[in-house]
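Scroll down for the structure; my scribbles are underneath it.
The values are calculated or read from the model by the stated rules, or taken from the named source; none is laboratory data. Given the structure is predicted, the values throughout are model-derived calculations rather than measurements. Each accessible area value is taken on the protein alone, full model and side chains, heavy atoms only, with ligands, DNA and RNA left out. Shrake-Rupley method; radii C 1.70, N 1.55, O 1.52, S 1.80 Å.
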Amino acid sequence: MAEEKEVQEAAPGKKSTSLKLVLIILVALVLVGGGAVAWLMLAGGDGEGVPDEVAQMEAAAEKEAVGLSFPMDTFVVNLNDIGGKRYLKTNIELEYVTPEMGEELKQRLPQLRDTILLLLSSKGLDDIQGVEGKIALRRELIQRINQNLKSGKIRNLYFTQFVIQ
């Protein structure tokens with residue numbers, strides 16, 4: 001019986017020691033693996049990854065940069081509703097990138113105003129009410145305006161005033 005007690009007391013000691021050893025080995029493997037991954041990411045392997053990342057960041061910054069602005073005169077149109085008693089008054093600014101685009105926008109101003117007036121007057125109150133309606137109208141205006149341009153495209157369109165009466 002005394003021998004059984006010694007065996008039983010010794011067994012838990014061996015289990016806890018082997019468990020500690022396994023945990024130490026696992027922690028060491030995780031640290032070594034993490035260090036290897038970090039080194040590969042920072043070193044960039046053969047050096048090709050770093051320039052790609054810089055190029056992507058520069059492209060994103062260029063895309064985020066504010067372009068040149070072309071303000072247009074105020075538009076006042078009757079909305080396409082029954083009775084025709086509602087109207088829209090809006091100011092629009094066009095964003096473009098190259099200076100040549102500004103010159104083309106000036107030259108094509110009558111065509112652009114006509115395109116915008118026809119599109120705005122074809123819309124009803126339900127079409128342009130709410131944020132979703134204004135975003136859809138912006139997209140459609142950009143598409144229609146870009147169809148009239150030859151030397152480039154406008155990047156964005158901003159409503160600086162938007163009043164429905």
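Structural remarks
- Accessible area of Lys20 (1.4 Å probe, protein heavy atoms only, ligands and nucleic acids ignored): about 130 Å².
- Accessible area per residue (1.4 Å probe, heavy atoms of protein chains only) ranks Asp114, Asp126 as Asp126, Asp114, with the largest value leading.
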